[in-house]
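Below is one structure, written out as structure tokens; comments come after it.
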Amino acid sequence: MPRWPPPWSEIDDPGVLAAIARVPRHRFVPPEYQDQAYEDHPLPIGFGQTISQPFVVALMTQLLDLAPAARVLEIGTGCGYQTAILAELAQTVYTVEVISDLARHAEARLAALGYDNIHFRTGNGWEGWPEAAPFDGIVVTAAASDWPPALIDQLAEGGSLVIPVGPAGWDQELWQATKMEGFLVKRRLGPVRFVPLVAGPPDRGDL
Ligand code: SAH
């Protein structure tokens, strides 16, 4: 089995590394990919979606810089792996997924693993979760064609939004945007490749 977590030179937050070491990634990966669960690349999870590469999960989590009392919002629950990493580090996690079957499975899986600090919602993540705002951190695990205004509104002062922005399939950049005195201070981290943040719930025919 490969060394876990891998020796990533960019990840130096001990809390993030400990969370990656603790969460059993094989529990989030379909049976046919079990042998690759601890390799550092994305894998299919059904419905045309993927579980993100562990390095990218670690990097995005480190960029959120979560305090133990943090309330964090995740857009794109997928299989729930990033959700579990967040639940290890933050006090409360709110997660939104547009594909109801993925949301349902992730909720059952995370309950079975014993997490009791996660709130789930099926819906369109572009709207965030206004009733639970503000959030100390917001992470978007699908690429947005543009900056979602609702997520910027729902970010607390001093909190960071970590988000891939760019067109579907290509030319996406990972950003960290921190709210300082009401303004966003943006930092561009580099090129990434994510599935698109869709405009809304899919027709069943899209799946
Ligand atoms: N963190 C997840 C990543 C899954 S891929 C994991 O590691 O498994 C991105 C997810 O974003 C997919 O599950 C996709 O269905 C979801 N998604 C895409 N557009 C969305 C939207 N508008 N609102 C909420 N979720 C969305």
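Would the range 14-200 count as rounded, prolate or oblate if I go by the C-alpha gyration tensor, calling it rounded below 1.5 in a/c and otherwise prolate when a/b exceeds b/c, oblate otherwise? Rounded.
Name the long-range amide H neighbours of residue 184: under 5 Å, sequence gap of 5 or more, or other chain; modelled H, no Pro or chain starts. It is none; the list stays empty. Footprinting exposure proxy ranking of 163, 20, fewest other C-beta atoms within 10 angstrom first, gives 20, 163.
With the cut-off at 1.5 for a/c, could you classify the range 1-99 from its C-alpha gyration tensor as rounded, prolate or oblate?
Oblate shape, in that a/c is at least 1.5 and b/c is the bigger or equal ratio.
Can you tell me the order of 169-175, 78-84 when each peptide is scored by its average per-residue count of other Cβ atoms within 10 angstrom, highest first?
Details: 169-175: 15.7, 78-84: 26.9.
Ranked by mean Cβ neighbours within 10 Å, highest first: 78-84, 169-175.
So what's the net charge close to residue 145: Lys and Arg +1, Asp and Glu -1, counting the other residues with Cβ under 14 Å from its Cβ?
Details: positive: none; negative: 146, 171, 173.
With Lys, Arg at +1 and Asp, Glu at -1, the net is -3.
In the range 1-103, a dipole from Cβ-located charges (positive for Lys and Arg, negative for Asp and Glu) runs towards its positive end, and of 18, 43, 2 it is 18 whose Cα lies farthest in that direction. Relative to the Cα centre, the charge distribution of the chain, modelled as +1 at Lys and Arg Cβ and -1 at Asp and Glu Cβ, gives a dipole magnitude of about 240 debye. When both bridge partners sit in the chain, DSSP labels roughly 45% of those beta bridges antiparallel.
Just so you know, all these numbers are worked out from the coordinates, no wet-lab data involved. Keep in mind it's a predicted model, so treat the numbers as computed, not measured. Backbone-built Cβ (ideal geometry, glycine too); neighbour counts: all protein chains shown.
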